[in-house]
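What follows draws every value from the coordinates through simple rules; no lab data is involved. Here the structure is a predicted model, which is why all the values come from computation and not from measurement. Note that each Cβ is placed from the backbone with ideal geometry, even for glycine, and that neighbours are counted across all protein chains shown.
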Amino acid sequence: MTMRYLRMIRRILDLLSGEADYARYCAHLRGHHPKEKVPTAREFFLARMEQKYARPSRCC
Amino acid sequence: MDFDAKLSLRRVSRTVIWVLISLAGAGSLGAVALYRRESINAMWLIVAAACIYLVGYRFYSRFIAVKVLALDDRRATPAERLDDGRDFVPTNKWVLLGHHFAAIAGPGPLVGPTLAAQLGYLPGTLWIVIGAVLGGCVQDFVILFASMRRNGKSLGQIAKEEVGPVAGFTALFTIISILTILLAVIALVVTNALKASPWGTFTLAMTIPIAMLMGIHLRFLRPGKVLETSLLGFALVMAAVVGGQYVARVPTFASLFTLDARQLALIIIAYGFAASVLPVWLLLAPRDYLSTFIKLGTIFLLALGILIVRPMLAMPAMTRFIDGSGPVFSGKIFPFAFITIACGAVSGFHSLISSGTTPKLIMKESQARMIGYGSMLLESFVAIMAMIAACVLQPGVYFAINSPAGIVGTDPTAATAMISSWGYPVTAQQMETLAGMIGEHSLFARTGGAPSLAVGIAHIFSGSLGGKGLMAVWYHFAIMFEALFILTILDAGSRVGRFLLQDLLGHVWKPLARTSWYPSVILTSALAVGAWGYFLYQGVTDPLGGINSLWPLFGIANQLLAVVALSVGTTILIKMNKARFAWVTLIPMLWLVVTTQTAAYQKMFHPDGRIGFLAEAGRLSGLLDAGAIPANQVAATERLIFNNRLDAAVTGLFAFMVLVIVLDSGREWYAILKRRKVPVLRESEYVLSAITGE
């Protein structure tokens, strides 16, 4: 029971922090574009960061 | 009981609950507004705000969702239609609420209410609650909806397509100007919080190598492991907060980190330039993770602390300064209360976030209600907590911290005597004891709101967690927390400013638009940072403390952007054939037009030099002509005159742009309503949703 809750909290934190994004993207590529090259985790997160801070992402 | 009876019983009990919530809200708001004795418990404010938020969310946002916008869960959202696993992803609504709230919550709702507390707790509290429920939340919700129906287009693009090219260009120009003033004023808040404070300066300086360490960890060792990296960073930052007191005790280190406002301003400008040129993974991104975690954690702790301590408010409901003569900012309750508190009630800047990443991640249309309207309610609640933190201080202490030296002078005894003569007793001894308790040399003339907020937070935290012994650590934790995410916004904002400029200048000469071409990167970064840096430096050299002139400019600019957003919203409602509901966005828009125009007019032409920029410029040049200025201050005075005229011109430009947008939109509305023009709504296509359930 406790383990289940801990896992659930971990899952929510992964989603909130964006740690789950890479796995999701890989799954999407495998499902929809099996021929496309899957980026490495490092490539993926670097590209995400560049993109995020090119637009207003933080407010007053 | 049969099914029908059960159903009607449930309906009755629900109605009873909502009637009770409404009564509790109305009752405690009445208590807050009418209570006129010694002091009132902060819980009344919390209960009043919470009940009004609940009623507003349950009824008004539902009305907007169902009747006005007609959210349709059978219609696929862009996240579903364009799902690419990366930019467009159907996301759990609670996760998205977290992202969106973290993006909109900034220093605005903390600083604005702290400054507005000079009027007493009542005017600010009423505007925060009512402004949010009827204005700010509506704006965020409607723009989120509009962008969601247009594949996540930005506010500028929507303005251009739905209203016209004039509105589109004005929106873009407004965004760049508001960014400049915003960055200048929050940099000024940090400067004033850190000046002559070796402990605070050391802690904040340490966050730079800590962020870089995190960046290297995230880049090379454990790509994407944000949680563990943030925990590591948090532990190091806490060590820096605690360790700062030992640094401040060693004279060699202490003198290294004891800086005056000008030095700090120059360092922050240089830092902003470096951060805008450096790769994001090294400094900006890891610092953003760190500041987001600390921000959310501190907001949660503050709410918990207020609930545990249930402090009494020492500030009266209304002070004598509603007449406009206050030392923190000048000007009467109308319009300046509504300009000073921008972000906690209505913040135009949110419309940029609502038309950014969030609309691309919404799973079902109906969830836009919770994410758009709901996040802003949370933000408004943060503003209420900031108001409480400012009002738990003795009013005399509050005014001693927040009054600039230009008004109360630099001598502690004379300053406290003057503040006491206003009717808010305080002694130099009391201020010295308090400064000692929080580990600072002096708390006089620490304008900008951050120090008094930090004293308030330290007061609440030490009352609930750890006792008075930890007050100094809590104070510096609070300063670090505010400064950390302000610096994050400086980094991120300078970078966005650079991209906007590159985009704009690319029309003049193509290569300037290339974001990886170093000459262009350096040029546009220098332009973006130089622009806010100029206003920052103007602020630190202003004898009235800078906040007095820059914060209203920021408030006017932010509310102006809200006018842009709400007029775009009104245009869309009219085009959707919902003109009968257009008052939903039109009323808050008109209110903001009235407040920004009045405030702008007074900032330009008010005969009192503390309010009107031109009057102050005239007074100073009169002194100069009469030879009343000592020779060594002539150059400084000439610069002051120029700055006052510049501020007047910027204010005039803002006011003019409000009129352009309103008139341009009004022309469009008139043409559509008179059926002289066929409304063309540029929504993306209707596709049936395949996602069922939650």
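For the reader, a short list of remarks on this structure follows.
- Per-residue mean of C-beta atoms belonging to partner chains within 10 Å, peptide A:4-15: 2
- Taken along its three principal axes, the alpha carbon spread of the range B:588-694 comes to 76, 40, 20 Å, from the longest extent down to the shortest.
- Over 21 Å between alpha carbons, listed pairs B:Lys360/B:Lys575; B:Lys195/B:Lys603; B:Lys225/B:Lys295; B:Lys575/B:Lys674: B:Lys360/B:Lys575; B:Lys195/B:Lys603
- Taking the empirical scaling 2.2 N^0.38 Å for compact globular proteins as reference, the protein assembly as shown has a Cα radius of gyration ratio of 0.94.
- Cα pair distances in the range B:492-627, grouped into 10 Å bins until the bin that holds the longest one, percent each: 11, 23, 25, 27, 13, 1, 0
- For chain B, the mean residue ellipticity at 222 nm estimated from helices alone is -22500 deg cm²/dmol, where every DSSP H run of n ≥ 4 contributes -39500 (n - 2.57) and the total is divided by all residues, rounded to the nearest 500.
- Residues B:Val111, B:Val66 in ascending order of nearby Cβ atoms (within 10 Å, fewest first): B:Val66, B:Val111.
- Average other protein chain Cβ within 10 Å of Cβ, residues B:85-95: 4
- For the segment B:488-494, counting C-beta atoms of other chains within 10 Å of every residue's C-beta and taking the mean gives 3.
- In chain A, the convex hull through the Cα atoms has an average projected area of 6.3 nm², a quarter of its surface area.
- Residues A:His28, B:His476 arranged by fewest to most Cβ contacts within 10 Å: A:His28, B:His476
- Tensor-based shape of the range B:164-300 (alpha-carbon gyration tensor, a/c under 1.5 rounded, otherwise prolate or oblate): oblate
- Once backbone amide H atoms are built at 1.01 Å from N, B:Gly612 has B:His606 as its partners under 5 Å, excluding neighbours fewer than 5 places away on the same chain.
- Counting every C-alpha pair in the range B:332-392, the share spaced more than 18 angstrom apart comes to 47%.
- Chain B: angle of helix B:471-505 to the longest principal axis, Cα-based, in degrees nearest 10: 60 degrees
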